């Protein structure tokens, strides 16, 4: 296969990012089937037409079912609101298409399970949009961990905050409802953190948690001076990983000043690694070696030594951006298709992330320890 | 009272810091009784003599009971190993002396309670060595919180790490035993963090916790190839404060690269404050005001606008050091004596901190939620 | 014009960046003629074919003159070695094409002057690749300066360092010769810094300078154990701007640890702005307003409030990357073409930058003050 | 000699710092004659009495000549306005006293020369208050340079800024006059930077410079709506060191946001060191060794491995403060007295610093290169 037909559903934040990624991936990497941007779906039809022209797609539609069944489409990108993912993914898989689905997978574990089941019986390749896993800095952190550079892992701490729900005066929206948004900060942000935690330390065995809704109501217009916020603004958990490592994680969508604070520190018995996505091209490493007088955290700027950075830019320290991570993610799916093996994180991989965030939500509500194998 | 007689027990890390603090406090502040460095106690007697001369004390002794009963001594500084604090404090209070005791108060809550009881029936003033509370940056953070600068408090996160127990090859010492050291990282480090958390947010109502001993044994010489470590290397907790705020705290004495990492972030509904003791002269503040294009964390360098910095140095950004905090602490006790009111944190105040760290240890061992009022 | 035909000469670092930029610009901005990637030129022909396929161009050639005269090509991107720029630009302009030329313009001022002259008599639009001018953080810095946020400008300091020539053991290459490379660090790096300095403060009136070649020879293989380095590794200058402001600039291509250190601070009588391209999504601003106790440098993370960031990503703090700056640069040229007005920096604008770097080189060699209007 | 009698002239910023330093030095170091705080001089007499009591001196006087001739005084600390230094130092040396003089030495080179001459014919020990030389972080930087850790030195950049003269509305004071203040930023701040530059790289051979007075007049009360500022607010220079290294330095007393920004970077052919006094307990080191993927600037927190830090605090990262540097400086003088050898920087050493700042001022005014051996 020299080329591959792309269908994109959705034109918002993630829709544009997917369009840019599939437009750039062949030029950057040069080793995968070249995407043909075949069909873009949005509603109303005029919007589909407009974005189709802007994003460089050949055709537009307002019928997502037509898109997933379009014979020119080999791979479907699903960037719609989370509650729509399950039906669209299942339909795309039923139509034999490869699937690139945004995170989180679904509002409920049942829906997510249905997607895993659909993927299981098909040969299609799938990937879920945990884009921060594809940051060269994170890839390097994983390599340092697996190399033993920081020794035996003993502790993990992770955080993910933004401030888009920090203002008490923001009006009530569908985001505040379980029916339309599902989880709160856990679904928007926390799942990204869990993707990194599992990627660095391994599967979670059990956890205890605390969740808070700090803005319990929000203004809702003239008729409803306020409406309740049903899901959590802040969630924190103490994790027991299967390998015996302990961890602390916390996420807030109401943290003033935090714009893309996805940060972790991983403690080993020989060293420590720190990272913060707000400085996504930097990794800090402390190793207990050499004279004590020279020890300290080394700030590593990513560069060609940290693949696949060099395919974007041959000069170190020049920096990748947020959209570049989606290009690497698209490459992960395209090369899986090329090689006929699973991409990572597939729907099945991502289901493990979903289980953790739902376990945190339940543990927070019920005040009890949750075993992941009982979720 | 124009002068005040000081007796110091102990000449280690904290002993020297106390000697420097009481040597400098009058010159820095100019508004308190001038300390007379009367008696220094250490063992063996030659050590007492040597340090007495170096630290500028008038006399030396190896008998701490003689020191606490010395009529020239008005104020006793107790910087001995933690297991000795209770007996010494109780004797000093019985002798009618003011007491400056290092933290933590004792190995057990029962011992700590006995100290509070001793203080309760006396008119003497007491202070416990939670020196980081006296950092002008922290004092300013408290002011910003009480001023409402960051609005209603919604969340707290705090961390305190060092790496003095990070190396797996360190030999076994008395620090590893409950009988001689009591708690692990909670007693050494965690209590400092709790002092800041309570200072910023208020009393803790309940908590759940996780504790880990990551180096379960340590080499113990030829006869004992290894001996068990009985107390925790890492402790983490999810806090419910009495005012409904939730918090996350974590402490490790085995965190490579961390030297004095006592850090917190406090989230309000109008802003956030961040601090890290490794940059003890800086405070970071985000406030949701002014145009969005200009918002960001402001790095405030402490200066004369942040009392009592200006009494050490009239120029901002020139920086206080660790020992200066003990001088401010000494001033807090001396001015309490001068004004005949309680210093803060007194033994009674500090007992609340002790209860929290013991609650964390118990919650971590038992896996259950602990109510502070049941401790 | 709905679309515009692009011809790209060169496939190295900058060639790939141009290809990505023209591939993405319409999707990102949506308001310019859509680029058609028509012809790519490289040598040998197989290389042209390979990169043409990878980068998504319709055709390949190894004959740059054919490309510049190709009727389907409206805009020529010139990313070849600097010594080739003048001939190619002049030919492209003669053929009536718009020109996107990489920096620096040429090895000599005479060549650069010829390019300005060619552009002068044509209606074509031109832009030179000073990509850092297009960083939203820099655009915002300029806005803050012109808004008067930091008051009257009183001083400028700027630096640009990398370490690609820091290793004394690197072999001798053509970069070391005046005939093939022209200037040293001034041509590679210093010109970028000058572009920012002029952009923030205005034209330079005169300067004094110091240049150094710190590695005077480099190993040159078996026959020539070493060959001389003819151009400067480090250049520094004290600038007098036309408006009376003084400035200090310094550039090194031999500065270990520096990867993309293009940094400046601009001092006003009401505040200061700091920037470092190694953290290209951050801008630091100090303004003397509000209480002294709250003043400090505010670290602004770029976001949608800093155009055109929001067209790449609607969420602040998620970060643009190096390649995104070239996309904004391409947009500047395409919108100039659309609106039939000059882009900035045009060849004429860039010539002012060339004059400054050549003045620095001459002042450094001759030890005298250089007036820019005598260059 | 077991003890040494101290006489202190002046009770301002530096006077208090000296008092604290001589009060603490014996307790911290334990290896020098113990200071007896004998006489404090200030005017009027009541001020002398008050500060004498506060600072712990035995006696007070308002007659500095009486102090320098007091038989109980062995060492005279001179912290008066700079224009008074020469007469006082010369008198103290004539009386056979050791001298601890604040920087800069004097308003004119002639006065400074007279002080060197006075010291030359005496056996007394002298030191000038270049306190930043005594920062353990700086001492370690010098060690790294002399060890060859960063290889052959190729370049130096240094900066020193504060903002105490940044506000255009500040009233005119004696600081603005050459007769009373001498140089501007060069005398207050620039000399500190030169002390570090010489300490790291070696003597300066020649320089070119630029000086600016950015606030040319200042408000001067009702009768004089404004008066001229006679000395420089900003000074910058390009240095040629005797060993062939080139350097760039710049200093401003009008740099908003800068509180104690005394920063340098020293470039070697194997690495680089960076430092900023606003984070005085940190040193950043880059060395070209090990895999490229792990290289970066290492942030070293000072600790007991960086003498004499450990005498203040046995725990790394706990931080020294500004006043601690003066204690180390006092120790340098006391141990020189104890060992009967010269302290560093003596008056003779400091004279080399004075020559450089006066050469910068002259070069800036005259626009010509200055050879240091002609100053």
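Using DSSP, restrict attention to beta bridges with both residues in chain D and report what percent are antiparallel, rounded to the nearest 5. So the antiparallel bridges in chain D amount to around 60 percent. By DSSP, the beta bridges lying fully in the protein assembly as shown are antiparallel in about 60 percent of cases.
Highest average first, the peptides D:185-194, A:304-313 ordered by how many other beta carbon atoms sit within 10 Å of their residues are D:185-194, A:304-313. Do you know the relative contact order of chain C, to the nearest whole percent, from alpha carbon pairs under 8 angstrom that are 6+ apart? Once normalised by length, the contact order is 19 percent.
Using only Cα atoms, locate the centre of region A:299-365 and the centre of region A:272-294, then give the distance between them in Å, rounded to an integer. Centre-to-centre (Cα) distance: 21 Å.
On a C-alpha basis, how far is the centre of region D:200-233 from the centre of region B:36-55 in Å? Whole number, if you could? So the separation of the two Cα centres works out to 53 Å. Averaged over peptide C:309-318, the number of partner chain Cβ atoms lying within 10 Å of each residue's Cβ comes to 6. Seen through its C-alpha gyration tensor, with square-root eigenvalues sorted a ≥ b ≥ c, region A:110-243 comes out prolate because a/c lies at 1.5 or above while a/b is bigger than b/c.
Here is how far apart the residue A:123 label points are across copies: 5.8, 9.4, 10.0 nm, shortest first, using a point 7 Å from Cα toward Cβ. Looking at chain B as a GNM with Cα springs under 10 Å, which of B:177, B:211, B:126 has the largest mean-square fluctuation? For chain B, modelled as a Gaussian network with Cα springs under 10 Å, the answer is B:177.
The rotation axis bringing chain D onto chain B passes closest to the chain D residue reported with its distance as D:321, 1, by C-beta distance in whole Å. Inter-chain neighbour count for A:157-166: the average number of beta-carbon atoms from partner chains within 10 Å of each residue's beta-carbon is 4.
Can you put D:256, C:174 in order, fewest other beta carbons within 10 Å first?
On the way: D:256 25, C:174 10.
Taking fewest neighbouring Cβ atoms as first place, the list is C:174, D:256.
Label separation (residue A:289 vs residue A:65): 6.1 nm, computed from points 7 Å beyond Cα along the C-beta direction.
Once the C-beta distance of residue C:2 and residue C:46 is scaled by a Förster radius of 51 Å, the resulting FRET efficiency is 0.90 to the nearest 0.05.
The value of relative contact order for region B:3-131, using C-alpha pairs under 8 Å at least six residues apart, is 23 percent.
Rounded, prolate or oblate: which fits chain C when a ≥ b ≥ c are the square roots of the eigenvalues of the alpha-carbon gyration tensor, with rounded for a/c under 1.5 and prolate only if a/b beats b/c? Can you show the working numbers first?
Working: a/c = 1.62, a/b = 1.14, b/c = 1.42.
Note, shape of chain C comes out oblate.
Give the shape of the protein assembly as shown as rounded, prolate or oblate, defined through the alpha-carbon gyration tensor: a ≥ b ≥ c are the square roots of its eigenvalues, a/c under 1.5 means rounded, and otherwise the shape is prolate if a/b is larger than b/c and oblate if not. Oblate. Nearest 0.05, what FRET efficiency do residue B:224 and residue B:362 give at R0 = 22 Å with Cβ-Cβ as r? It comes out at approximately 0.15. Here the peptides C:132-139, B:69-76, C:218-225 are ranked by packing, the mean other Cβ count within 10 Å, and the order with the highest first is C:132-139, B:69-76, C:218-225.
Take the Cα of residue A:217, step 7 Å toward its Cβ, do the same at residue A:348, and the gap between the two points is 4.9 nm. Protection proxy ranking, highest mean first, for peptides B:345-356, B:110-121: B:345-356, B:110-121, where packing is the per-residue count of other beta-carbon atoms within 10 Å, averaged. With 0.36 nm allotted per residue and the present C-alpha distance subtracted, the residue D:36-residue D:109 stretch has 22.9 nm of extension available. Each Cα pair under 8 Å and six or more residues apart adds its separation to the average, and for region A:148-271 the resulting relative contact order is 47 percent. Taking D:53, D:237, D:181 as the candidate residues, the one with maximal mean-square fluctuation in a Gaussian network model of chain D, Cα springs under 10 Å, is D:53.
Inter-chain Cβ neighbour count for C:202-211, averaged per residue, equals 2 (cutoff 10 Å, partner chain atoms only).
Every number here is computed from the coordinates shown, using simple stated rules; none is lab data. In this text, all values refer to a predicted model and were calculated from it rather than measured experimentally. Positions of Cβ are backbone-derived with ideal geometry, glycine not excepted, and every protein chain shown enters the neighbour counts.
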